[in-house]
Every structure is written in C-alpha cells, then in structure tokens.
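Colleague: My questions will all concern the structure given below.
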Amino acid sequence: DTGVSQDPRHKITKRGQNVTFRCDPISEHNRLYWYRQTLGQGPEFLTYFQNEAQLEKSRLLSDRFSAERPKGSFSTLEIQRTEQGDSAMYLCASSLGYRRNTEAFFGQGTRLTVV
Amino acid sequence: SQQGEEDPQALSIQEGENATMNCSYKTSINNLQWYRQNSGRGLVHLILIRSNEREKHSGRLRVTLDTSKKSSSLLITASRAADTASYFCATEGTSYGKLTFGQGTILTVHP
C-alpha cells in the first residue's frame, strides 16, 4: 500500500475553467476527507465521506464545488468556474472510521493556481 | 475558521536544542493530534493524545494536554536540521475524524 494518492500534483488553470482532482485513499479506509490549505494557514475542512455517503460539507464548499465518491473508493473534487480565490493546496485524507481516535493519513495534495 | 491558535508562529533554534510549541483550542474535543508539514508537501501524522490523557511520548516527541485550559504543547527534544518544517495541531471534536487545524508553527533548526 502506497498511502493516499492525489492527482494531479499541480494544476494551473485560467479563471472560469472547470477543474477536477482525484484522490485514492488507503484501500481499507472507509472515511475520506477533503481539506483546503492556503499559504501560511492550516488546512480547512471542506467535506467528508463515509463509504460513498457524503456526510458533512463545510460552508466553505460553495455551489461551485462538488465532491463525489461513487463506489466508496476513490473520490473526485470538482471546481466549476474557477476564481483566483480558489488558488490553494487541496488535501485529501483517509482514515478508518469504525473507531474513535484514529489518525488520518494525508496525501501530498494538489496545488491549484488560477490565473 | 480555525479553532486553534498556535504559539509561537515561528521558532528558530540550533541543532541539539529543544523546541516547544503550544496550541490552544476552543471547544470540547475527543482528541488532539500533531502533524508535520514540509514545505509544499502533505501532512505527516506525529502523535495523537486522547482527551482523557495528560501526557504522551513518542521517540523525541512529548505532548501534553490540559483540557481545563484547552491547551496542548509539543516538545521536540534534541532537535535536528531534518525537523525543520511547519507543525500543526488539530482537534477532533464530536464529528468523527473531522479535524480542525491551527495556523501552525514554522520551526527552523539550524545545523
């Protein structure tokens, strides 16, 4: 197992374009999280899934953002009509959700730059 | 919004010295975790301390938790240049697995 994998690592897009990021969690992990991190700040929670169900969404996740985890394995995060304020590192994490007090494993992130 | 605040925002020390970082939070927690992030990379989990624990050790790391003061500290002993990174505390509240991060402490260890 190679840990949490995110693709692409870097994405540069023009304002107004749509982008999609992919996250492959650790295979036995049923919980998957998306976070956003801007320069000099800690990660901020966006949303999480337990298996294929999206259980919580942050108010940071505007209607331009959508996340899916169709088969309870990999997840995608789509941003429509990107804005310069969307420029950030998008981090995915996974964990075993059957118990409390388990650590989350993070991927290397996708760095988005909107020009 | 960030729940936690970390102090100091930046810390610069010499190799071999100890580094102490503090974290405060606002709401009840199940546990508090510390992560390390090297520049532009993902986060690496360091240690988790449960709300009913007061102190925990892992190698050169020592974490304390004071739930009455809603604060935690991370001590790195005998620091190395390779410890240079940003360190974040994160709290897990009532929503299992959802973490709320502080703004982090940038640690620089000079060889």
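Colleague: Only one of A:L60, A:L32, A:L77, A:L112 is closer than 22 Å to B:L48 by Cβ and either touching a residue at least 24 places away in the same chain (Cβ under 8 Å) or within 9 Å of chain B (Cβ to nearest Cβ) (or both); which?
Modeller: Numbers: A:L60 fails: closer than 22 Å to B:L48 by Cβ; A:L77 fails: closer than 22 Å to B:L48 by Cβ; A:L112 fails: closer than 22 Å to B:L48 by Cβ.
Checking each option against the conditions leaves just A:L32.
Colleague: Continuing with the same structure: Confirm whether B:Q14 is away from chain A (no Cβ under 14 Å) and in contact with a His (Cβ under 8 Å, 6 or more places away or on another chain).
Modeller: Against the criterion (away from chain A (no Cβ under 14 Å) and in contact with a His (Cβ under 8 Å, 6 or more places away or on another chain)), B:Q14 qualifies.
Colleague: Ok, one more. Restrict the check to the range B:7-30 and report whether at least one residue is surrounded by 15 or more Cβ atoms within 10 Å (Cβ to Cβ), at pLDDT below 95 and closer than 26 Å to A:H29 by Cα.
Modeller: Yes, because at least one residue in the range B:7-30 is surrounded by 15 or more Cβ atoms within 10 Å (Cβ to Cβ), at pLDDT below 95 and closer than 26 Å to A:H29 by Cα.
Colleague: Still on this structure: Would you mind finding the one in A:A67, A:A53 that is of a type in the set (A, V, I, L, M) and in contact with a strand residue (DSSP E or B) (Cβ under 6 Å, 6 or more places away or on another chain)?
Modeller: A:A67
Colleague: Scan the range A:67-89 and tell me whether some residue there is in a strand (DSSP E or B), more than 18 Å from A:Q6 (Cα to Cα) and among the acidic types (D, E). Before the answer, list the steps.
Modeller: Within the range A:67-89, the first condition is being in a strand (DSSP E or B), and the residues that meet it are A:67-68, A:75-79, A:88-89.
Filter once more, so that each one left must be more than 18 Å from A:Q6 (Cα to Cα): none.
Checking the range A:67-89: not a single residue is in a strand (DSSP E or B), more than 18 Å from A:Q6 (Cα to Cα) and among the acidic types (D, E).
Colleague: Okay, next question. Here is a list of conditions, (1) over 20 Å from A:E44 (Cα atoms); (2) surrounded by 14 or more Cβ atoms within 10 Å (Cβ to Cβ); (3) modelled with pLDDT of 95 or more, and B:R50 meets all of them except one; can you say which number that is?
Modeller: Answer for B:R50: the failing condition is (3).
Colleague: Can you give me the number of residues within the range B:76-92 that are more than 8 Å from chain A (Cβ to nearest Cβ) and buried (at least 17 other Cβ atoms within 10 Å of the Cβ)?
Modeller: 9
Colleague: I'm told A:F45 meets every condition in (1) more than 12 Å from the chain's Cα centre (by Cα); (2) within 10 Å of chain B (Cβ to nearest Cβ); (3) closer than 17 Å to B:Y35 by Cα; (4) at pLDDT 90 or above except one. Can you identify the failing condition by its number?
Modeller: Of the numbered conditions (1) more than 12 Å from the chain's Cα centre (by Cα); (2) within 10 Å of chain B (Cβ to nearest Cβ); (3) closer than 17 Å to B:Y35 by Cα; (4) at pLDDT 90 or above, the odd one out for A:F45 is (1).
To keep it simple, each residue is scored yes or no on (1) within 26 Å of A:D7 (Cα to Cα); (2) over 13 Å from the mean Cα position of the chain (by Cα); (3) part of a loop (DSSP other than H, G, I, E, B); (4) not hydrophobic (A, V, I, L, M, F, W, C).
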{"residue": "B:I29", "(1), (2), (3), (4)": "no, yes, yes, no"}
{"residue": "B:H45", "(1), (2), (3), (4)": "yes, no, no, yes"}
{"residue": "B:I49", "(1), (2), (3), (4)": "no, no, no, no"}
{"residue": "B:K69", "(1), (2), (3), (4)": "no, yes, yes, yes"}
{"residue": "B:S72", "(1), (2), (3), (4)": "no, no, no, yes"}
{"residue": "B:V109", "(1), (2), (3), (4)": "no, yes, no, no"}
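Colleague: Here's a follow-up. Given the criteria of a type in the set (S, T, Y) and within 14 Å of another protein chain (Cβ to nearest Cβ), does B:S73 qualify? Quick ask: steps written out before the conclusion?
Modeller: Values: of a type in the set (S, T, Y): yes; within 14 Å of another protein chain (Cβ to nearest Cβ): no.
Taking the combined requirement at face value, the residue does not satisfy it.
Colleague: Take the conditions surrounded by 21 or more Cβ atoms within 10 Å (Cβ to Cβ), on the phi > 0 side of the Ramachandran plot and within 11 Å of chain A (Cβ to nearest Cβ) and apply them to B:G97. Does it pass?
Modeller: So B:G97 passes the test.
Colleague: Among what's in the range A:80-94 and is of a type outside the set (A, V, I, L, M, F, W, C) and surrounded by fewer than 22 Cβ atoms within 10 Å (Cβ to Cβ), pick the residue that is nearest to the other protein chains (Cβ to nearest Cβ).
Modeller: We begin by selecting, within the range A:80-94, every residue of a type outside the set (A, V, I, L, M, F, W, C); these are A:80-87, A:90, A:94.
Within this subset, residues satisfying the condition of being surrounded by fewer than 22 Cβ atoms within 10 Å (Cβ to Cβ) are A:80-87.
Numbers: A:Q80: 24, A:R81: 25, A:T82: 20, A:E83: 20, A:Q84: 19, A:G85: 16, A:D86: 18, A:S87: 14 Å.
Here the answer is A:S87.
Colleague: Working carefully through the options A:T47, A:T20, find the one that is surrounded by 22 or more Cβ atoms within 10 Å (Cβ to Cβ) and assigned to a strand (DSSP E or B). Please lay out each step first, then the result.
Modeller: Numbers: A:T20 fails: surrounded by 22 or more Cβ atoms within 10 Å (Cβ to Cβ).
On inspection, the qualifying residue turns out to be A:T47.
The values are calculated or read from the model by the stated rules, or taken from the named source; none is laboratory data. Quantities reported herein were computed from a predicted structural model and do not represent experimental measurements. So basically every Cβ, Gly included, is an ideal-geometry build from the backbone, and we count neighbours across all protein chains shown.
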